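Report on the structure given below.
The values are calculated or read from the model by the stated rules, or taken from the named source; none is laboratory data. As the structure is a computational prediction, the values presented were derived from the model and not from experiment. Cβ atoms come from the backbone with ideal geometry, glycine included; neighbour counts cover every protein chain shown.
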Amino acid sequence: MKKFFQTLSKIWNDPVWSKVIAVAIVASVSLIYATVQNKTEGVSFADSFKKILDLKVKIIYIAGAIIIYLIGKRIFKRKDSFYNRKQTKLREFNKLEDKQNFILYRWGVFFDYETPFISDLTPFCTRHDATPIRFVGSSCPIAGCNNNRQQINLHLAKNHIESVLIDEWEKTK
Ligand SMILES: [Zn+2]
């Protein structure tokens, strides 16, 4: 039974199959409606056809609304499943360029309960044309580069960035 629902959910989440199912639902309801009308009220074909058309328009609206609702729900669920709006905004602060020393820092923002922290802090050297070169250890790997001779203190950089991050976080409260 669980497998059946999983398969059903998979089919429903498929963009093409969900449309096919929606059309099938509309068609089945129309057919049932026409049969009931014909059997119980003896409505003429033309009237019945017109009624089905009217009903179909309504059903298409309802089906359309349901599909839009489901798609919207899925999009928002995906976006907000892990981080709330404020956290998502703060997570955008994930890089900083030290223009004086030609170092670009990139990192990820995560939360320890309510307190933000950074992870995977990686420095890049921006002294080499368009592409920032990732540091190896605490210096630029390109021989002769200023950032190759000087070593940076990643621990201090991390502390500085986290201080800014926590300050930004406090301001949003
Ligand atoms: Zn360099």
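Scanning the stretch 100-126 for residues that are more than 30 Å from TYR83 (Cα to Cα) and surrounded by fewer than 17 Cβ atoms within 10 Å (Cβ to Cβ), which turns out nearest to the ligand (Cβ to nearest atom)?
The residue in question is ASN101.
Just one of (1) of a type in the set (D, E, K, R); (2) more than 16 Å from PHE102 (Cβ to Cβ); (3) in contact with a Cys (Cβ under 9 Å, 6 or more places away or on another chain) fails for ARG134. It is (2). Output the number of residues of the stretch 86-120 satisfying the condition of being out of contact with any Asp or Glu (no Cβ under 9 Å at 6 or more places or on another chain) and farther than 13 Å from TRP169 by Cβ. Final tally of qualifying residues: 11.
Of the residues making up the stretch 11-30, those that are at pLDDT 75 or above and either of a type in the set (A, V, I, L, M, F, W, C) or outside any helix (DSSP H, G or I) (or both) are TRP17, VAL20, ILE21, ALA22, VAL23, ALA24, ILE25, ALA27, VAL29. Going through (1) within 11 Å of the ligand (Cβ to nearest atom); (2) surrounded by 13 or more Cβ atoms within 10 Å (Cβ to Cβ); (3) of a type in the set (Lys, Arg) one by one, LYS89 falls short only on (1).
Evaluated against (1) in contact (Cβ under 8 Å) with a residue 24 or more places away in the chain; (2) assigned to a loop (DSSP other than H, G, I, E, B); (3) more than 30 Å from LYS89 (Cα to Cα), PRO141 falls short on exactly one condition, (1). Residue count for the stretch 130-158, restricted to those that are under 30 Å from LYS86 (Cβ atoms) and either exposed (fewer than 12 other Cβ atoms within 10 Å of the Cβ) or touching a His at 6+ places or on another chain (Cβ under 6 Å) (or both): 2. Given the structure, is LYS56 surrounded by 14 or more Cβ atoms within 10 Å (Cβ to Cβ), away from the ligand (no atom under 16 Å from the Cβ), in the same structural domain as TYR33 (by TED's automatic domain parsing) and not aliphatic (A, V, I, L, M)? Yes: the conditions hold for LYS56. Restricting attention to the stretch 130-155, the residues that are farther than 19 Å from GLY108 by Cβ and away from the ligand (no atom under 16 Å from the Cβ) total 1.
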